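The values are calculated or read from the model by the stated rules, or taken from the named source; none is laboratory data. What you are looking at is a predicted structure, and each value in this text was computed from that prediction instead of being measured. Here the Cβ positions follow ideal geometry from the backbone for every residue, glycine too, while neighbour counts run over all protein chains shown. Quick note on the areas: whole protein, heavy atoms, side chains included, nothing else; ligands and nucleic acids left out. Shrake-Rupley method; radii C 1.70, N 1.55, O 1.52, S 1.80 Å.
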Amino acid sequence: LDKRNTTFEQIYDILEEQKFNNMKDQAKKSYKTAYKKCESLKRMKMTEIRKAHMQAIVDKHSKLSASTQNNIIVLFKAIYRFALENDIVEKDYSQFLEVTSTQEKKKKVPFSREEVQKLWDMKEDWARDSVIILLYTGMRIEELLTLRSEDIHLEERYIDLQGTKTKAAVRIIPIHNKIAPLLEKRLAGE
């Protein structure tokens, strides 16, 4: 690379090939989606990009969720990290970016005791049992769907979860007495 003339797009292409393509699909998709929002920066030299250029892109998407804006900032930080490590830039302007989302956060409302009881009162089937297991364990849907029988320890009453989203998703989940029979049925192949 000609360090003085290296563009945002060139660094993205390198990162995509060397780093992003080795990530899980969801992470890859986040980077690609964020990159599509950076059209005005693609051909700019890294040495000419300032906070105002990047913040303008973040602000342009203020009607989107804070998470979407954060994904754009995460991309900028990855680009700048590479640029700093390779002496393409001397300063990381991405560290000063701010999320400016105006979208209201969806308020999460937990199930009431009555709603949980309605689930238990429903006719037993795989879907009902799945929702109950999710409620009592806090697992994500993908985690339940990819759960292996060797990860379920009924005698000791825990699930050894490997997780799907982050390293923090690796955890031990206690098995509540109420859902033990539901897990037993699944392990028995029902």
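A compact table of results
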item	result
Amide proton proximity set for VAL89, modelled H, under 5 Å, gap of 5+	LEU84
Principal axis box of the stretch 1-56, alpha-carbon based, largest edge first, Å	32, 27, 14
Under 20 Å from LYS3, Cα to Cα: aspartates and glutamates that are on another chain or at least 8 residues apart	ASP13, GLU16, GLU17, GLU48, GLU85, ASP87, GLU90, ASP92
Mean Kyte hydropathy of 0.0 or more with a Cα span along the axis of at least 18 Å, helices from DSSP in the chain	66-85
Options VAL131, LEU154, PRO181, ranked by Cα towards positive dipole end of the stretch 58-190, top entry (Cβ charges)	VAL131
Segment GLU90-LYS28, extension gain: residue separation times 0.36 nm, minus the distance between their alpha carbons	19.6 nm
Solvent-accessible area, 1.4 Å probe, carbon plus sulfur percent, for the chain	50 percent
Ordering of 38-44, 75-81, 106-112 by packing [mean C-beta count within 10 Å, highest first]	75-81, 38-44, 106-112
Average Cα contact separation per residue, the stretch 1-77, under 8 Å, 6 or more apart, as relative contact order %	39 percent
The chain, Cα convex hull volume normalised per residue, Å³	154 Å³
The chain - charge dipole about Cα centre, Lys and Arg +1 at Cβ, Asp and Glu -1, debye rounded to 20	820 debye
Along each principal axis, Cα extent of the stretch 89-180, largest first, Å	61, 33, 18
3J(HN,Hα) from dihedral phi, the stretch 96-104, Karplus parametrisation 6.51/-1.76/1.60, rounded to Hz, x for glycine, proline	9, 6, 10, 6, 10, 4, 9, 5, 6
Ranked order, GLU104, GLU98 - accessible area, probe 1.4 Å, largest first	GLU104, GLU98
Relative contact order (percent, whole number), the stretch 99-168, Cα cutoff 8 Å, 6+ residue spacing	16 percent
